[in-house]
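**Q** I am attaching a structure below and will ask some questions about it afterwards.
Throughout, read-outs are computed from the coordinates displayed, never taken from laboratory work. If you're wondering where the values come from, they're calculated on a predicted model, not measured in any experiment. Positions of Cβ are generated from backbone atoms using ideal geometry, with glycine treated the same way; all protein chains shown enter the neighbour counts.
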Amino acid sequence: MSGSEWTCRLSSMHEWESPYYEPSLPVSEKSNPLTRDIDRASSGCIVRMLQACDSQMFLEEAGATYQRLMSDGVVETLMEVAKKVELILKDPRDSLVVLSGCGTSGRLAFLVTSAFNRALKELNQSPVYSYIIAGGDKALFSSQEAPEDDPKLGMLSLKEACEGKKRVLFIGISCGLSAPFVAGQLDLCLQNPQVYTPVLVGFNPTHQARDEPIPGCSFTFRSVVQRMEGLAKSQKAFLINPAVGPEAISGSSRMKGGSATKILLEVVLSAAHAAAFTHTPITQQGILQHMRAYEKTLEIPCAHNEGMSALLEAAGKSLQRGRRVCYLGWGSLGVLGLVDASECVPTFGADYEDVRGFISGGYNELKNNEGPLGPDFRISHEDFLHLVLPSLDDHDMVLLIYTQTDDVSDVEKLARRVREKTSNLHAVYHRVDGDTAATVQQDDINKLCLSSLRITWPSPASGLLQMQWELCTKLFLNALSTGAHVLKGKIYQNHMMDLQVTNSKLYCRATRLLQKLSGCPESKCEEALLKAVYKVDNLTVEITSSDISTHTHTARTRTKVVPLALVCLLTGCSLAEAELRLEQQPIVRDAVEACLS
Ligand code: F1P
């Protein structure tokens, strides 16, 4: 893309806010005009497009259609919620702050509760934060989409987490204001106001909350939100729902949705901690200052564009060859590596082995609710050394992710082991300007690596800096894994074609995508989707009379259902023929384009 074209794209930054732009879709599901042809872009251009999308998180409100992260109303609500947390921190008896969500939202709930419970421990205080993720701890590192559709499971897990508690601040996270699991939990809170105060975090305006009936329930997500809106006036419920713009890959809420979730939760909890433990009052200015520190964080990746596109290129090459990308991380950055890697499976239809994360200390470092998760979830560096390293060569990429506060000699040791098997070793690390600790080891690591992204931060290491390191690392990793899969040909325009159709949200998204790309009516698209899911050329009454949960359950074991359905729709061929076409042309984007031309 030329410079002028790119400028033109940037000027269309607000196009998605027009009421005429994809009017039937909520912001979180719209396609982003900035990335319309990301599938044809060079690695450098992909990096810039993703950064431009991320920067939409901090757009000014300026009479815009939607409220933003730093809009007055949002900041006010953040202050009110922080005050509720402060009260609990000052008198934690029989009280709890619960953070809950599905998929990425649950993973961030885990990351944030871990960080703030750690902060409490350092102050000799007992933990007050607890996380819930739909599908339990294995959902931290794998896609467990079905429990998202289960509001009863949400309620039960919340009841269980809060047993015996008299006061609970419940923070439910659903980027799309859509997950029935979270709707069930919010409903439970609304029915038991003497114990629970509900807070909802998401990134659509309330009128765009999902309104589809939830089987077995009298409420929808939207009706729950409406009840909360009524109570918000008297501060008995809180809604934090700025718009951050459509995702770079349509609907991929792990990206901006996840980043904005992390920002909002950390701003609230940091303000509450400062108020409770250092007598720093919760003010609008304080909240905005913290937000601006995150806004600045977004500039850091821009300063490393060249290094970033080289990394993306290397990862793309490994994936194109059917080889691996491995993240070896330390501390909370290691958790972000594990999370980013595991999300590639549902997001890009990737194989579990394509991108894998490992963390120093394994489950001891993680301290998750359920402890070690068994042989299917091996996450430590030792596991990497035993199970993965022996099979690596120069075509596999390994990325070290750490900060200067981690055990740098351990990083060096591991780097040497990796270097014996592959020269395709890279590093991303954070350091504070002027800190000369471990410089010699650091230089040695750099010599072992093909490329090193050294990110130097001006301020002394602090709690805030650690959160900035995390956000910056999340942005890097999301860009790396997304970009590498774009280069592999997994994306069509800015849509993920090969999505797994494993819950009702994804089922509806798949049908919509088929409509958009084939131009066929909804009913025909749903038919084609079901044929691909059930592997039949003719639908039986048994299939058509089953509910969506049966379809999504069946789809768990199927691959390429959306590409298959699309090829059938575009060519009128049988499923067997569509399968053959896709086998001959495994790059989904090219297969689709061949049918379209
Ligand atoms: C939850 C979620 C996403 C995931 C996928 C399926 O979405 O698990 O994290 O990437 O899109 O849904 P939400 O409830 O936060 O909107």
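**Q** At Glu76 and Asp211, where each label point lies 7 Å from the Cα along Cα→Cβ, what is the point-to-point distance in nanometres?
**A** About 2.6 nm separates the two model spin labels.
**Q** At a 10 angstrom cut-off on C-beta neighbours, averaged per residue, how do the peptides 547-559, 290-302, 482-494 rank from highest to lowest?
**A** On the way: 547-559: 15.6, 290-302: 17.2, 482-494: 24.2.
Top to bottom by mean Cβ count within 10 Å: 482-494, 290-302, 547-559.
**Q** For the chain, with only Lys/Arg (+1) and Asp/Glu (-1) charged at the beta-carbon, what is the dipole magnitude about the Cα centre, in debye rounded to 20?
**A** Values: 59 positive and 69 negative charges, 113 e Å.
The calculated dipole for the chain is roughly 540 debye.
**Q** A follow-up question, please. Applying 1/(1 + (r/R0)^6) with R0 = 41 Å to the Cβ-Cβ distance of Ala594 and Glu306, what FRET efficiency is obtained, to the nearest 0.05?
**A** Values: r = 34 Å, r/R0 = 0.84.
For Ala594 and Glu306, the calculated efficiency is 0.75.
**Q** Using only alpha carbon pairs under 8 Å that are at least six residues apart, calculate the relative contact order of the range 72-297 and give it in whole percent.
**A** Working: 396 pairs, mean separation 53.0, N = 226.
Reported relative contact order: 23 percent.
**Q** Sticking with this one: Order the peptides 570-579, 401-410, 257-266 from the highest to the lowest mean number of other Cβ atoms within 10 Å of their residues. Write down the numbers at each step before the final one.
**A** Working: 570-579: 15.4, 401-410: 20.2, 257-266: 25.1.
Taking the mean over residues of other Cβ atoms within 10 Å, the ranking is 257-266, 401-410, 570-579.
**Q** Also: Please say if the range 72-297 is rounded, prolate or oblate, where rounded means a/c under 1.5 for a ≥ b ≥ c the square roots of the C-alpha gyration tensor eigenvalues, and otherwise the choice is prolate for a/b larger than b/c and oblate otherwise? The partial results should precede the final answer.
**A** Working: a/c = 1.40, a/b = 1.23, b/c = 1.14.
Rounded.
**Q** Given a cut-off of under 8 Å on Cα pairs at least six residues apart, what relative contact order in percent is computed for the range 304-492? Can you show the working numbers first?
**A** Details: 301 pairs, mean separation 52.4, N = 189.
It comes to 28 percent, rounded to a whole number.
**Q** Same structure, new question: Is the shape of the range 291-450 rounded, prolate or oblate, going by the alpha carbon gyration tensor and its root eigenvalues a ≥ b ≥ c, with a/c under 1.5 for rounded and a/b larger than b/c for prolate?
**A** Details: a/c = 1.24, a/b = 1.20, b/c = 1.03.
Here the range 291-450 falls in the rounded category.
**Q** Also, I was wondering about something else. Tell me the label-point distance for the pair Gln235, Asp433, using the 7 Å Cα-to-Cβ offset, in nm and rounded to one decimal.
**A** 4.0 nm
**Q** Okay, moving on. If you take every DSSP beta bridge fully contained in the chain, what fraction is antiparallel? Give it as a percent rounded to 5.
**A** Taking every DSSP beta bridge with both residues in the chain, the antiparallel ones total about 5 percent.
**Q** What ranking do 524-535, 175-186 get when scored by the average of other Cβ atoms within 10 Å per residue, highest first?
**A** Working: 524-535: 21.8, 175-186: 29.4.
Sorting 524-535, 175-186 by mean packing, highest first, produces 175-186, 524-535.
**Q** Rounded if a/c is under 1.5, else prolate if a/b beats b/c, else oblate: with a ≥ b ≥ c from the C-alpha gyration tensor eigenvalues square-rooted, which is the range 100-201?
**A** oblate
**Q** For the range 498-596, what does the convex hull of the Cα positions come to per residue, in cubic angstrom?
**A** Working: hull volume 8.3 nm³, N = 99.
Spread over its residues, the Cα hull of the range 498-596 gives 84 Å³ apiece.
**Q** So what is the relative contact order of the chain, in percent, for Cα pairs below 8 Å that sit 6 or more residues apart? Provide the component values of the computation, followed by the final result.
**A** On the way: 1077 pairs, mean separation 84.7, N = 597.
Value for the chain: 14 percent.
**Q** Quick one: length gained pulling Ser223 to Asp407 fully straight, 0.36 nm per residue minus the C-alpha distance? Each step should come with its number before you reach the end.
**A** Values: separation 184, 0.36 × 184 = 66.24 nm, distance 4.99 nm.
Using 0.36 nm per residue and subtracting the Cα-Cα distance, I get 61.2 nm.
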